[in-house]
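Okay, so here's the structure we're looking at.
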Amino acid sequence: MKLVEVVEDYGVIYLGSAIFKIARLLFIALFSVHLFACIFFRVKIASAYTPEDVASFYTSKNVASNDLGQQYMVCFYYVLTTFTTVGYGEFLLHT
């Protein structure tokens, strides 16, 4: 039996079908945000012309340039905001 089938059977038996499906969806969503946050972090470093560009980006967010945890949280925030909203609020509609 595959590991995934064992986990699904255990989850359905002990958590119930609906709760297990919600938990699985939440896990997949958070894993996707984590994956894209890591990609965003690497692209930010690779696309910068100089290391000072990266440092100035994080400094503008009040994050130390040598603190990887806070840098990851900035990337996680941007990816989560991009996935869950329509925009960042910098553009306002005018009639």
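Okay, here's what the table says:
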read-out: Under the span-like rule (Cα at least 18 Å along the axis, Kyte-Doolittle mean at least 1.0), DSSP H helices of the chain; value: 17-47
read-out: Whole-number percent relative contact order across the range 3-84, with pairs defined as alpha carbons under 8 Å at least 6 apart; value: 29
read-out: Rounded to the nearest 20 debye, dipole of the range 3-84 from Cβ charges on Lys, Arg, Asp, Glu; value: 160
read-out: Overall form of the range 3-84 per C-alpha gyration tensor (a/c, 1.5; a/b vs b/c); value: prolate
read-out: Protection proxy ranking of 74-84, 50-60 - average other beta-carbon atoms within 10 Å, highest first; value: 74-84, 50-60
read-out: Trypsin sites (Lys or Arg not before Pro) within the chain: DSSP coil, no more than 10 neighbouring Cβ in 10 Å; value: K2
read-out: Helix-only mean residue ellipticity at 222 nm for the chain, each DSSP H run of n ≥ 4 adding -39500 (n - 2.57), per residue, nearest 500; value: -25000 deg cm²/dmol
read-out: Dipole-positive endmost among L25, C38, L80 within the chain (Cβ charges, Cα centre); value: L25
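Values quoted throughout were computed directly from the atomic coordinates according to the rules given, and no laboratory measurement underlies them. What you see is a predicted model, and the numbers here were worked out from it, not measured in a lab. All Cβ positions, even for glycine, are placed from backbone atoms using ideal geometry, and neighbour counts span all protein chains on display.
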